[in-house]
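Novice: Below are the structure tokens for one structure; questions will follow.
Where a number appears in this text, it was derived from the coordinates with a stated rule and is not lab data. Quick caveat: nothing in here was measured; it's all calculated off a predicted structure. Backbone-built Cβ (ideal geometry, glycine too); neighbour counts: all protein chains shown.
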Amino acid sequence: MRLHWPRTLLAKGQAALRPEHLRFRSVRGGARQLHCLLLDCSASMLRGDKLALAKGWLLHCAEDCYRQRADLLVIGFAGQRAWLIQAPRRASANSRGWIAPLGAGGGSPVDAALTLSEREIGNWRKRHPGGECGLWLLSDARFRQVPPCPDAADFHVVVDFENDSIALGRAERIAQTWQAEYVRAVLTS
């Protein structure tokens, strides 16, 4: 058994780390681990510093992946498309350079991002059979419909960046539908 840092940090939240926060994962003979992050780059993420907060989360996750020697896959989605921000590979020590310039605008084509993630995770699994994969959705979830749960990942985490005055609560519904861990992103000063 090995400490599962992403789930431990999610359980901890902003509190001091306590034993009940610890989450573990089984080690399968040195199996590789992939964290696939779907970053919502839609126009709604520009309101209320949501994109800046999401980029901070992305940087934190990239740094954790680097420390764990895990692979990182980052997919952005906005307008009418989804694209690879970072193809699946070992996380690098310096992620600020490619995270800082990320911008936003347009719609929220989450279905395109999920389709691309399924393809990329499938290709990664062919190269690393027995590897473990987690999918993280970083979004304010201002979508028309709750998207279907992607099958390719072993676990799912929905990080909710909604801070609008009229809350839709869709990220929480997505997490329930996907049976995913739900985390509310909080802006701290």
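Novice: For LYS126, go through the aspartates and glutamates and keep the ones whose alpha-carbon is under 13 Å away, minus same-chain ones fewer than eight residues off.
Specialist: Correct list for LYS126: GLU118.
Novice: Under Stokes-Einstein, with the Kirkwood radius over Cα pairs standing in for Rh, what whole-number D in µm²/s applies to the range 134-188 at 37 °C and 0.692 mPa s? Don't jump to the answer; show the numbers that get you there.
Specialist: Values: Rh = 11.4 Å.
The Stokes-Einstein estimate is 288 µm²/s.
Novice: Which of GLU20, GLU120, GLU172 ends up with the largest GNM mean-square fluctuation for the chain, with Cα atoms connected below 10 Å?
Specialist: Among GLU20, GLU120, GLU172, the largest mean-square fluctuation in the Gaussian network model of the chain belongs to GLU20.
Novice: Could you give the length gained on full extension between SER165 and ALA43, defined as 0.36 nm per residue of separation minus the Cα-Cα distance, in nm?
Specialist: Details: separation 122, 0.36 × 122 = 43.92 nm, distance 1.62 nm.
Fully extending the segment from SER165 to ALA43 adds 42.3 nm.
Novice: Let me ask something else. Calculate the length of the line joining the C-alpha centroid of the range 102-179 to that of the range 51-79, in whole Å.
Specialist: Spelled out, the Cα-based centre of one part sits 13 Å from the other.
Novice: With charges set only on the Cβ (+1 for Lys and Arg, -1 for Asp and Glu), what does the dipole of the range 32-184 come to about its Cα centre, in debye to the nearest 20? Could the numbers behind the result be given before it?
Specialist: Working: 19 positive and 17 negative charges, 95 e Å.
Roughly 460 debye for the range 32-184.
Novice: How much length is gained on full extension from ARG81 to ARG69, taking 0.36 nm per residue of separation minus their Cα-Cα distance? Can you show the working numbers first?
Specialist: Values: separation 12, 0.36 × 12 = 4.32 nm, distance 2.98 nm.
Full-extension gain reported as 1.3 nm.
Novice: Which lysines have a Cα less than 30 Å from the Cα of LYS12, not counting those fewer than 8 places away in the same chain?
Specialist: Within the straight-line limit of under 30 Å, LYS12 reaches these lysines: LYS50, LYS55.
Novice: Here's another thing I want to ask about it. Could you give the length gained on full extension between HIS60 and ASP111, defined as 0.36 nm per residue of separation minus the Cα-Cα distance, in nm? Numbers along the way, then the final one.
Specialist: Values: separation 51, 0.36 × 51 = 18.36 nm, distance 2.51 nm.
Working it through step by step, the gained length comes to 15.8 nm.
Novice: GNM, the chain, Cα, under 10 Å: largest mean-square fluctuation among LYS55, LYS126, LYS12?
Specialist: Among LYS55, LYS126, LYS12, the largest GNM mean-square fluctuation belongs to LYS126.
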